[in-house]
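The values are calculated or read from the model by the stated rules, or taken from the named source; none is laboratory data. Values in this document were obtained by computation on a predicted structure and should not be read as measured data. Heads up, the Cβs are rebuilt from the backbone with ideal geometry, glycines too, and the neighbour counts pull from every protein chain shown. Ligands, DNA and RNA are stripped out before the accessible areas are found, and what is left, the full protein with its side chains, is counted by its heavy atoms. Shrake-Rupley method; radii C 1.70, N 1.55, O 1.52, S 1.80 Å.
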Amino acid sequence: MSSVKRALVAYSMSSTHVQTTFDYLVAFKRFCGFDTDFVHVTHHAPVDFDFDSYDVVFHSYCARLCFDGYVSDSYRERLAAFRGVKVLAVQDEYDRTDTLKAAIKDLGFDIVLTCVPQDSLDYVYPRSEFPGVTFITVFTGYVPETLMAELPSPKPLAARPIFIGYRGRDIGGRYGRLGFDKFEIGRRMKELCDARGIATDIAMDEASRIYGTAWFDFIGDCRAMLGSESGSNVFDFDGSIEARFKEMAAANGGVSPSYADFLPIVVDRDGEIEMGQISPRVFECAMMRTPMVLFKGRYSDAIVPDQHYISLEKDFSNIDAVLERLNDLPALEAMTQRAFDHLVGSGRFTYQAFYAGVADAIGERLARKSHGRSGQAAVSMPPTAPVYRSGVIEEPATPVPLGSKGFRLRVDATEAAVYRRELDRLMGEFDHLRSIFASELDRSLGSCAGVFERVAQAAQMTIPPFFTQADCETTRLLADYDAETVLASQQRETARAAFEAVLPTGQEDASAEALRHMLQQEKDGYFHLIEWIRRLNEVYDADRLNLERAFYKRIAELGTTVLPGLSPKQRFSVWLLLLKLRFWAARRRALRVATRSPAIRRLLDIWPGIIPLARRLARRLKLSGLT
């Protein structure tokens, strides 16, 4: 058996469109020295294979365990049963920290790659609660060597069209000062530059965010890039801060509370720990030789102000000096070269260096663990192709992390399954209505036939049928429904089979096209069935009304055509019978008028004393066939 250790990386396809996240994942495979597979584990992804063929499971930060239900239950069950080394990379630990801590314990992680400084670990992860867990403090991102080789040569600063660039977001006051800085540095800089007539490209809205390699194009077009420390000092251990934030937003018409509004709630928590970290953007700017204007901070002690970046005071008191320095291109070029040499050229902050340390920590744990594939009986290998079964795509182990196309497939497959379940439910509802309506029509036809049979016996004559099943539109509609349903079911099954056949081939575009067709078939079937149910109700009501009208008409005809030709005794018997029928018909009309009267309905709503009467009325309606 091969001595090369095997690793499984758990991640979320919904996050791989972010370049930093994708780099983090692929660098593990490239630099850790394991035979590595990847598996998508969020959004209820079914993971239906054992992990026994692996020595290590590396759980990436993008599959966030702090949110209940985000990571699929099937994966969690497999991970909990796994006896190899379990590694968790975690970021944004300040969100629902207690839920995250519980997951670390329940799933049995051996190593946690955390952003919490070593001297503050007891504040977040008390050693008494995690006696067997190794916590390693790391950055949120590193220099991606693979991507760097693919990037174009940086433009000279004089040739860059954007004087100052930035992309941030307004997250309100929930994450304290560090969270506020991400918004404030952009807002205030844009305001001051606009007042001075300096053109910038600064935005803090979601629509303006840039992803993938286009982000590096943007950085390369900027003479300077703004930035601030990453992270948050406000640890929301039990979710109460998040709940309070949402309450205030709801009370304010959905508008999130500002930093100033929310500061009284988080001010004490904001000073209990220092989590300010260096951001992956710092490495990205160094790679693109783009000068950085950063708020004053520690930045994980990885960079030095004035040597690697221009320091901006948080009150903008030195803004004029900063703007003046951005016009000194030779000094800026020298600064970017120093930043590149320190952060990139030195190799200290690359993914290769990072994962070398991670691999060493994993190796130590493997040596202490009894788990080892060489000591086990033969184990089954995981599936390498996705399978569509029971309305879901069962996740395979893939050689690379999948991206937005793969995620879109799973979203659409889930939507198709929802439509199919609803379609099956509606078909059951249609069949239920069909049974009720057919039974009611048969009962009504039988009742009417019985009435006229008594009249025929009293008159000692034959009275031909006045209304039969052949006169019912419901019968014809059901025949049309049956014919269409057979054809539509065949078309849906054909579309489903086509998708099931192409999915395991790994052809994402072909799979997406087959899935679009299958989804459309399921949607069409669902909405068509809603229309069939509407038509069935309409046709049944029409048939019932036509039956009643035909019944009344036949009563009137019998009174004028049959009575005169009968003997006095027969005439009296038939007259009494027809009188009863007219009274019964009049009562039915009165009941129908009453049930449709707005005044009666208002009385039913506002007068509790009428409830017993309403119940008797309902029983009469049921007995008369009106409901």
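Structure shown: which of 105/405; 29/105; 29/369; 190/246 lie over 31 Å apart, alpha-carbon to alpha-carbon?
With Cα atoms farther than 31 Å apart: 105/405.
Among 148, 99, 303, whose Cα projects farthest towards the positive end of the dipole of the chain, with charges put on the beta-carbon of Lys, Arg (+1) and Asp, Glu (-1)?
Checking the options against the dipole of the chain, the answer is 99.
Which order do you get for 523, 246 if you rank them by accessible area with a 1.4 Å probe, largest at the top?
From most exposed to least exposed: 246, 523.
Report ³J(HN,Hα) in whole Hz for each residue of region 72-80, in order, from the Karplus equation J = 6.51 cos²θ - 1.76 cosθ + 1.60 where θ = phi - 60°; Gly and Pro get x.
Whole-Hz 3J(HN,Hα) from phi for region 72-80: 5, 5, 5, 5, 4, 5, 5, 5, 4.
Between residue 520 and residue 490, how high is the FRET efficiency from 1/(1 + (r/R0)^6) when r is the Cβ-Cβ distance and R₀ = 22 Å? Nearest 0.05.
Once the sixth-power term is evaluated, E becomes 0.90.
Given the peptides 357-366, 179-188, arrange them by the average over their residues of other C-beta atoms within 10 Å, most packed first.
Ranked by mean Cβ neighbours within 10 Å, highest first: 179-188, 357-366.
What ³J(HN,Hα) values, in whole Hz, does the Karplus curve 6.51 cos²θ - 1.76 cosθ + 1.60 give for region 400-408 when θ = phi - 60°, with x put for Gly and Pro?
Each residue's phi maps through the Karplus curve to give 9, x, 8, x, 5, 5, x, 5, 4 Hz.
Angle, helix 611-624 long axis vs. longest principal axis of the chain, Cα atoms, 0 to 90°, nearest 10?
It is inclined by approximately 70 degrees.
Counting only residues 5 or more places away or on other chains, whose amide H sits under 5 Å from the amide H of residue 112 once H atoms are built in the peptide plane?
88, 134, 135, 136
In whole Hz, with x marking every Gly and Pro, tabulate ³J(HN,Hα) for region 324-337 from phi via Karplus 6.51 cos²θ - 1.76 cosθ + 1.60, θ = phi - 60°.
Karplus-based 3J(HN,Hα) across region 324-337 equals 5, 5, 6, 9, 8, 5, x, 5, 5, 4, 5, 5, 5, 5 Hz.
Just to confirm the number: angle between the C-alpha axis of helix 508-561 and the first principal axis of the chain, 0 to 90 degrees, nearest 10?
20
Determine the gain in length on full extension of the stretch residue 238-residue 250; use 0.36 nm per residue of separation and subtract their C-alpha separation, reporting nm with one decimal.
Details: separation 12, 0.36 × 12 = 4.32 nm, distance 2.01 nm.
Full extension from residue 238 to residue 250 adds 2.3 nm.
Give, in nm to one decimal, the length gained when the segment between residue 418 and residue 557 is fully stretched (0.36 nm per residue of separation minus the Cα-Cα distance).
Going from the current span to full extension adds 44.5 nm.
What percent do you get for the relative contact order of region 261-321 when only Cα pairs under 8 Å and 6+ apart count?
For region 261-321, the relative contact order is 27 percent.
At 222 nm, what helix-only mean residue ellipticity would the chain give, in deg cm²/dmol to the nearest 500, using -39500 (n - 2.57) for each DSSP H run of four or more?
-18000 deg cm²/dmol
Any chance you could run the full-extension gain for residue 497 through residue 153? It's 0.36 nm times the residue separation minus the Cα-Cα distance, nm to one decimal.
Extending this stretch completely gives an extra 119.0 nm.
So how much accessible area does residue 223 have, in Å² to the nearest 10, using a 1.4 Å probe?
About 40 Å², ignoring ligands and nucleic acids.
What is the helix-to-structure angle for 240-251, meaning the angle in degrees between its Cα long axis and the longest Cα principal axis of the chain, kept from 0 to 90 and rounded to the nearest 10?
60
Dipole of the chain, Cα-centred, from +1 at each Lys and Arg C-beta and -1 at each Asp and Glu C-beta, to the nearest 20 debye?
Roughly 4000 debye for the chain.
Heavy atoms only, probe 1.4 angstrom, no DNA, RNA or ligands counted: give me 482, 320 ranked by accessible area, highest first.
320, 482
Taking the Cα-to-Cβ direction at residue 387 and at residue 304 and moving 7 Å from each Cα, how far apart do the two end points lie in nm?
The two pseudo-label positions are separated by 6.0 nm.
Could you pull out every residue, at least 5 positions away or on a different chain, whose amide H is within less than 5 Å of the one on residue 292? Hs are placed 1.01 Å off N in the peptide plane, and Pro or chain starts have none.
225, 310
In whole angstrom, note down how far apart the Cα centers of region 130-188 and region 69-106 are.
That distance is 26 Å.
Residue 102 label point, 7 Å along Cα→Cβ, cut-off 16 Å on backbone N: hits in region 68-83?
The answer is 68-73, 76-77.
Per residue, how much accessible surface does region 383-485 expose to a 1.4 Å probe? Answer in Å², no decimals.
So region 383-485 comes to 52 Å² accessible per residue, rounded to a whole number.
Collect residues whose amide H, placed 1.01 Å from N in the peptide plane, falls under 5 Å from the amide H of residue 350; neighbours closer than 5 in sequence don't count.
Excluding prolines and chain starts, which carry no amide H, the hits are 143.
Which percent of the accessible area of region 211-255 is formed by carbon and sulfur heavy atoms (probe 1.4 angstrom)?
51
What do you reckon, how do 72, 300, 3 stack up by accessible area (1.4 Å probe), largest on top?
3, 300, 72
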